[in-house]
1. Which residues, counting only those in segment 305-317, are closer than 25 Å to residue 173 by Cβ and either surrounded by fewer than 22 Cβ atoms within 10 Å (Cβ to Cβ) or in contact (Cβ under 8 Å) with a residue 24 or more places away in the chain (or both)?
2. Scanning for something in a loop (DSSP other than H, G, I, E, B) and closer than 16 Å to residue 291 by Cβ, does segment 359-373 turn up at least one residue?
3. What pairs can you find where one residue is in segment 131-155 and assigned by TED's automatic domain parsing to the domain that holds residue 177 and at pLDDT 80 or above, the other is exposed (fewer than 12 other Cβ atoms within 10 Å of the Cβ) and not in a helix (DSSP H, G or I), and their Cβ atoms are less than 8 Å apart, with a gap of 6+ or different chains?
4. Any idea which of (1) surrounded by fewer than 20 Cβ atoms within 10 Å (Cβ to Cβ); (2) in contact with a strand residue (DSSP E or B) (Cβ under 6 Å, 6 or more places away or on another chain); (3) within 14 Å of residue 246 (Cβ to Cβ) is the one residue 291 doesn't satisfy?
5. Tell me the residue from 320, 333, 249 that is under 22 Å from the mean Cα position of the chain (by Cα) and buried (at least 22 other Cβ atoms within 10 Å of the Cβ), please.
6. Filter the strands (runs of 3 or more DSSP E) completely within segment 202-296 down to those with at least 3 residues that are under 20 Å from residue 342 (Cα atoms).
7. Going through 78, 86, 107 one at a time, which residue ends up being surrounded by fewer than 16 Cβ atoms within 10 Å (Cβ to Cβ), touching a residue at least 12 places away in the same chain (Cβ under 8 Å), under 29 Å from residue 144 (Cβ atoms) and assigned by TED's automatic domain parsing to the domain that holds residue 23?
8. Which of the residues that make up segment 297-317 are assigned to a loop (DSSP other than H, G, I, E, B), touching a strand residue (DSSP E or B) at 6+ places or on another chain (Cβ under 8 Å) and under 17 Å from residue 220 (Cβ atoms)?
């Protein structure tokens, strides 16, 4: 007899048409799981003109616009249609990707129906809150928000962190009651092998033979430490290092970054490519690059570093960055001190030894390139384990309750024994 398909519910406070790393993680999980499971993704409403066309079911919650935030506030408890869909979902397991509104309603569903709830930790929330709280007067609010987050993560069956450093941060710094399991992210990218197309890109960007190609992919947001990166490029130019820097992406601070590039007279060396939606074309840009530059101290584990690894392009991080946790310096990636001058010096050092550089390129691919199917396969096996363990737990609790009831009955009926049996479903 064929096994029943698992009903999996994934809950997230953001989703398409908005695109960020968490949205891409949710989409990849749901897409791959839907090949052999019934998957429902519970998320906020998007634009009216956006149509959900996915291989899995999407249930949207009504929202409230919050103009001073990048995200809308979901209101699932006030949405009758959403609540009806959730009630009918008959889920076997819940996976939340946020400790806020949608994550909380997923957790509440899991508790009510006595099923496992997994939470993935994607962000350094405390940093976000402190950055938003511009005055010490808001410190109590930050602590309140952290208390709410801790209460959610402490109530789940199991927490997953995107790398070992994030697991440490949540366990030691945020005081979560148990250390999270490390579940790495992956990528859908395949190695790009069209050399002719790469030559055409070199011509398009007017890249000379003696210029090294540096790359950044992502939101053009100062949170990504892009002002630091531009200052590092200025240091490089002053040292006579020949390069072309490609910024792929758009964002709220794009104009600020462009002004800084102009101010430092880097226009001849820096190209703002814009957003690339085509995944194959994006992989070509990773393959074109000699080095992926990612000085962010904000990210926990960015998908772009795995995408870069898929094309044998190593990444230069800052020492101490959470997102650099999977990297061994000068083996499968690079680390630099938190100084524009030292970052520039490291870039020069990287290309001073071509034999060592080529080894790092290969190790980057071997060690850090992780396709999504492998990631999701491991997650699915963990789901099944947690479901089985939960069944054992619920059975044990039912037995304990039955024994307690029997003892209470026997204390009233002396001389008689009533046996209460619970079938193991």
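The values are calculated or read from the model by the stated rules, or taken from the named source; none is laboratory data. Treat the numbers as computed from the prediction; the structure is a model and nothing was measured. Backbone-built Cβ (ideal geometry, glycine too); neighbour counts: all protein chains shown.
1. We begin by selecting, within segment 305-317, every residue closer than 25 Å to residue 173 by Cβ; these are 305-306, 315, 317.
Those that are closer than 25 Å to residue 173 by Cβ and either surrounded by fewer than 22 Cβ atoms within 10 Å (Cβ to Cβ) or in contact (Cβ under 8 Å) with a residue 24 or more places away in the chain (or both): 305, 306, 315.
2. Applying the first criterion (in a loop (DSSP other than H, G, I, E, B)) to segment 359-373 yields 369-370.
Still in the list and also closer than 16 Å to residue 291 by Cβ: none.
Within segment 359-373, none of the residues are in a loop (DSSP other than H, G, I, E, B) and closer than 16 Å to residue 291 by Cβ.
3. 150/175; 154/177
4. Failed condition: (1).
5. Details: 320 fails: buried (at least 22 other Cβ atoms within 10 Å of the Cβ); 249 fails: buried (at least 22 other Cβ atoms within 10 Å of the Cβ).
Among 320, 333, 249, only 333 is under 22 Å from the mean Cα position of the chain (by Cα) and buried (at least 22 other Cβ atoms within 10 Å of the Cβ).
6. Numbers: elements: 212-217, 243-248, 270-274, 291-293.
So the answer is 212-217, 243-248, 291-293.
7. Working: 86 fails: surrounded by fewer than 16 Cβ atoms within 10 Å (Cβ to Cβ); 107 fails: surrounded by fewer than 16 Cβ atoms within 10 Å (Cβ to Cβ).
One residue alone meets the criteria, 78.
8. Here is the first cut: in segment 297-317, the residues assigned to a loop (DSSP other than H, G, I, E, B) are 297-302, 310-314.
From the residues that got through so far, the ones that are touching a strand residue (DSSP E or B) at 6+ places or on another chain (Cβ under 8 Å) too are 297, 300, 310, 313-314.
If the condition is that a residue be assigned to a loop (DSSP other than H, G, I, E, B), touching a strand residue (DSSP E or B) at 6+ places or on another chain (Cβ under 8 Å) and under 17 Å from residue 220 (Cβ atoms), then 297 is the only one that fits.
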